[in-house]
Amino acid sequence: MNIKRIHHVAYRCNDAKETVEFYQNLMGMEFQLAIAENEVPSTKEPDPYMHVFLDAGDGNVLAFFELPNAPQMGKDPNTPDWVQHIAFEVATMEDLLAAQQKAQDAGLEVVGPTDHGIFQSIYFFDPNGHRLEITTNTRTPEMMARLHEVAPAMLEEWSRTKRAPKHAAWLHEKELAAPRERV
């Protein structure tokens, strides 16, 4: 298999129009197209839907389904809110802070900026309850090489112990973290 890229990622929404307007107005995404059917093409089930597609930049597409005949959408009660999210990248810290202000001006509760060592992020929810992350990289090539090198050992240790390995603890230990340059 030779995968070229992710074609699109699809989520459910409560209201397609409200969702498109949110992503257009707050996130600056272009509304690309809509597909609507009264029957599911893959299963032939009679289930009307609206499928909308938004340009998330650089060939990335974010899509949503509105399913008016399905039960009210909900969240997985066994998964914390912070786990399932959609992360979008901006170029600079200034862009991140501008996104934070725009979200706050729109009345959204924003968490962050949060320093993850190799990037900084803010978090808020869209009108459907999907958690969104806006992030900017603060990493250096050396930091990424160091993380790449220890990734297999970390995964192996996690698999055995189900405890956080310390191979990359330096990411959150400020006094040990390497000085950062913009990449």
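The values are calculated or read from the model by the stated rules, or taken from the named source; none is laboratory data. If you're wondering where the values come from, they're calculated on a predicted model, not measured in any experiment. Glycine gets a Cβ as well: all are built from the backbone with ideal geometry, and neighbour counts include every protein chain shown.
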Fill in the blank from the handout: Scanning the stretch 58-71 residue by residue, those assigned to a loop (DSSP other than H, G, I, E, B) and in contact (Cβ under 8 Å) with a residue 12 or more places away in the chain turn out to be Gly59, Asn60, Leu67, Pro68, Asn69, Ala70
Exercise for the section: Please work out if Gly129 is crowded, with 17+ Cβ neighbours inside 10 Å and in a loop (DSSP other than H, G, I, E, B). Expected result: no
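Given the criterion out of contact with any strand residue (DSSP E or B) (no Cβ under 8 Å at 6 or more places or on another chain) and either of a type in the set (Gly, Ala, Ser) or modelled with pLDDT under 95 (or both), identify the matching residue among Ala98, Ala87, Ala91.
Working: Ala87 fails: out of contact with any strand residue (DSSP E or B) (no Cβ under 8 Å at 6 or more places or on another chain); Ala91 fails: out of contact with any strand residue (DSSP E or B) (no Cβ under 8 Å at 6 or more places or on another chain).
The match here is Ala98.
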Completion exercise
Over the stretch 132-163, the set of residues part of a helix (DSSP H, G or I), more than 21 Å from Gln84 (Cβ to Cβ) and not aliphatic (A, V, I, L, M) is Pro141, Glu142, Arg146, His148, Glu149, Pro152, Glu156, Glu157, Ser159, Arg160, Thr161
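Can you tell me which residues in the stretch 84-96 are outside any loop (DSSP other than H, G, I, E, B) and not small (Gly, Ala, Ser)?
To start, the set of residues in the stretch 84-96 that are outside any loop (DSSP other than H, G, I, E, B) comprises 85-89, 93-96.
Correct list: His85, Ile86, Phe88, Glu89, Met93, Glu94, Asp95, Leu96.
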Practice task
Run down Phe125, Phe119 and say which single residue is aromatic (Phe, Trp, Tyr) and closer than 30 Å to Val40 by Cβ.
Solution key: Phe125
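Kindly establish whether Asp81 is more than 22 Å from Thr138 (Cα to Cα), in contact (Cβ under 8 Å) with a residue 24 or more places away in the chain and either assigned by TED's automatic domain parsing to the domain that holds Leu54 or in a loop (DSSP other than H, G, I, E, B) (or both). Working first, answer last.
Details: more than 22 Å from Thr138 (Cα to Cα): yes; in contact (Cβ under 8 Å) with a residue 24 or more places away in the chain: yes; either assigned by TED's automatic domain parsing to the domain that holds Leu54 or in a loop (DSSP other than H, G, I, E, B) (or both): yes.
Yes, satisfied.
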Fill in the blank from the handout: Per the filter on the stretch 40-64, residues hydrophobic (A, V, I, L, M, F, W, C) and surrounded by fewer than 17 Cβ atoms within 10 Å (Cβ to Cβ) are Val40
Exercise for the section: Hey, could you check the stretch 1-21 for residues that are under 15 Å from the mean Cα position of the chain (by Cα) and not in a loop (DSSP other than H, G, I, E, B) and say which is farthest from Phe65 (Cα to Cα)? Expected result: Val9
